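**Student:** Pasting in a structure now, in C-alpha cells, and then I'll have a few things to ask.
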Amino acid sequence: MLDTHARKWVQPSIEGTARLFLKRGFSANQVTLIAFIVGSAAGLVYYLGFPILAVLLLWLSGFLDAVDGTMARLTKPSPFGTVMDVTFDRIVEISVILGVAFLHPEIMWALLLLSVSIIISMTIFLTVGAVSEKQGMKSFYYQAGLAERTEGFILFSVMMLFPSIVLWTTLLFFAVELYTGLQRFSEAKRLLS
C-alpha cells in the first residue's frame with residue numbers, strides 16, 4: 001500500500017540517486033546485486049546481536065532496490081534484471097526470517113506461518129503478473145495490496161528492534177500477508193475472468 005501511494009514523495013531522492021549511479025557507470029543489475037548483498041547481510045547481522053545495524057542494512061537494501069528499478073526505467077530494462085530483482089528480494093526476506101528464527105527458536109512455528117503466507121501472496125502476485133496483459137510501471141503487471149515491500153520492512157524492523165513482541169509482530173505480519181494474498185486473489189478473479 002505504501003509503495004503504491006507514498007512513492008511520489010520519495011521518488012525524487014530515488015531518481016536522483018539512480019541518475020548519480022548511472023553517471024558513475026553503474027548498471028541497474030549491478031545495483032540490484034549490491035542491494036542483494038547488503039540486504040542478505042541483515043539477517044546474519046541481526047543474529048550476531050546488532051539489531052539496529054541489521055535494520056539499517058535492510059532499509060538501505062530496500063532503497064537501493066527502488067533505485068535499481070528507476071535506473072532500469074531510465075535506461076533499458078532487462079527481463080533478467082526483473083528475475084534478479086524479484087528473486088533477490090525474496091532472499092533478503094528469507095535472510096531476515098532466518099536471522100529472527102535462529103535468535104528466537106521458540107517462535108519458529110509463527111515464522112513458518114509467515115513464510116507460507118509470503119509464498120502464497122507472492123505466487124498470486126507473480127502469476128497474475130505473468131498472465132495479465134496489462135503492463136504497469138514495472139516490466140509486469142503490478143498488483144498493489146495491503147502489504148507491499150515497505151510494510152514488510154516496517155514489520156521486519158519491529159520484529160528485530162522489539163524482541164519482547166516478536167511473536168505478536170510475526171503473527172500480525174502473517175495476518176497482513178495472508179489478507180494481501182486474498183486481496184490479490186480476489187483482484188485476479190475480477191481481472192482475469
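**Student:** Given the conditions (1) outside any loop (DSSP other than H, G, I, E, B); (2) among the aliphatic types (A, V, I, L, M); (3) in contact with a helix residue (DSSP H, G or I) (Cβ under 6 Å, 6 or more places away or on another chain); (4) modelled with pLDDT under 90, and given that ALA144 satisfies all but one, which numbered condition is not satisfied?
**Tutor:** Checking ALA144 against (1) outside any loop (DSSP other than H, G, I, E, B); (2) among the aliphatic types (A, V, I, L, M); (3) in contact with a helix residue (DSSP H, G or I) (Cβ under 6 Å, 6 or more places away or on another chain); (4) modelled with pLDDT under 90, the one that fails is (1).
**Student:** Please go through the range 38-57 and pick out each residue that is open to solvent by 30 Å² or more (accessible area, probe 1.4 Å) and in contact with a Gly (Cβ under 7 Å, 6 or more places away or on another chain).
**Tutor:** LEU44, TYR47, LEU57
**Student:** Going by the conditions given, is ALA110 in contact (Cβ under 8 Å) with a residue 60 or more places away in the chain, touching a helix residue (DSSP H, G or I) at 6+ places or on another chain (Cβ under 6 Å) and small (Gly, Ala, Ser)?
**Tutor:** Judged against the criteria, ALA110 is a match.
**Student:** Please work out which residue is nearest to the chain's Cα centre (by Cα), limiting yourself to the range 81-109 and to residues that are under 15 Å from GLY43 (Cβ atoms) and open to solvent by 50 Å² or more (accessible area, probe 1.4 Å).
**Tutor:** Out of the qualifying residues, it is ARG90.
The values are calculated or read from the model by the stated rules, or taken from the named source; none is laboratory data. None of the values given here were measured: they were computed from a predicted structure. Note that we place each Cβ from the backbone using ideal geometry, even for glycine, and neighbour counts take in every protein chain shown. Areas reflect the complete protein model, heavy atoms only, side chains present, ligands, DNA and RNA absent. Shrake-Rupley method; radii C 1.70, N 1.55, O 1.52, S 1.80 Å.
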